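The values are calculated or read from the model by the stated rules, or taken from the named source; none is laboratory data. Worth saying up front: this structure is predicted, and the values here are computed from it rather than measured. Note that we place each Cβ from the backbone using ideal geometry, even for glycine, and neighbour counts take in every protein chain shown. Areas reflect the complete protein model, heavy atoms only, side chains present, ligands, DNA and RNA absent. Shrake-Rupley method; radii C 1.70, N 1.55, O 1.52, S 1.80 Å.
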Amino acid sequence: STHLKANANKNRFDKAVVAKSRSDYWDDLDAAVEAERAVHGQKPLKAKERQPVARETKVSRTDPESGYMVRDGKPRGFFYLDHRTVDGKLAIITDTFATPANVHDSIVYLSRLDHQRERFGFDVGAVGLDAGYATAGIA
């Protein structure tokens, strides 16, 4: 992704508490565990209730859809992220998607990949990602 500066003053914000959910990752992981247990004739595990982690964040007063970005080597402030996917063979941009800058790259990656596979009928054989996408959910 590329960061794009929002038209927002980094010193004019309100604080809000938001839930940081990993429910998609947990649901997929639980389904994989249950499938593996079924193959081995094991009983299903008891369902666990997981509560999202709450964290405090800054919300811009002038552009509340932007996100406050804090990354090493980058300026701090309100930004958007422009996520782009490029075909490796022809160097054509096949997808672009904007998020607030406080949304991690890995959060939108899998849904955007699925979107392209469905829309264009891509038969994805391999992907190239930088270290920012090295998360358990993507692995």
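How many percent of the accessible area of the chain is carbon or sulfur, using a 1.4 Å probe?
Percent of accessible area from carbon and sulfur atoms in the chain: 52.
Mind checking which of K58, K89, K15 has the largest fluctuation in a GNM of the chain, springs on alpha carbons under 10 Å?
In this elastic network of the chain, the residue with the biggest mean-square fluctuation among K58, K89, K15 is K89.
Going Cα to Cα from K74, which lysines come in below 29 Å? Please leave out same-chain ones fewer than 8 positions away.
K5, K10, K15, K20, K58
Testing the spin-label approximation: label points 7 Å from Cα along Cα→Cβ at R76 and F97. State their distance in nm.
Going from the R76 label point to the F97 one covers 2.9 nm.
Which whole-number value in Å² is the accessible area per residue of region 43-82, probe 1.4 Å?
Normalised by residue count, the accessible surface of region 43-82 is 76 Å².
How tilted is helix 105-120 with respect to the longest principal axis of the chain? Cα atoms for both, answer in degrees (0 to 90, nearest 10).
70
If you count only protein heavy atoms and use a 1.4 Å probe, how large is the accessible surface of V86, to the nearest 10 Å²?
The accessible area of V86 comes to roughly 80 Å².
Given the Cα-Cα distance of H115 and H3 and 0.36 nm per residue of separation, how much length would full extension add, in nm?
The H115-H3 span can extend by a further 38.1 nm.
Is the C-alpha gyration tensor of region 1-64 telling us rounded, prolate or oblate? Criteria: a/c under 1.5 is rounded; beyond that, a/b larger than b/c is prolate, otherwise oblate.
Prolate, because a/c is 1.5 or more and a/b exceeds b/c.
Pulled fully out, how much extra length does the chain show between T62 and R12, if you take 0.36 nm times their separation in residues and subtract their Cα-Cα distance?
Between T62 and R12, full extension yields an extra 17.2 nm.
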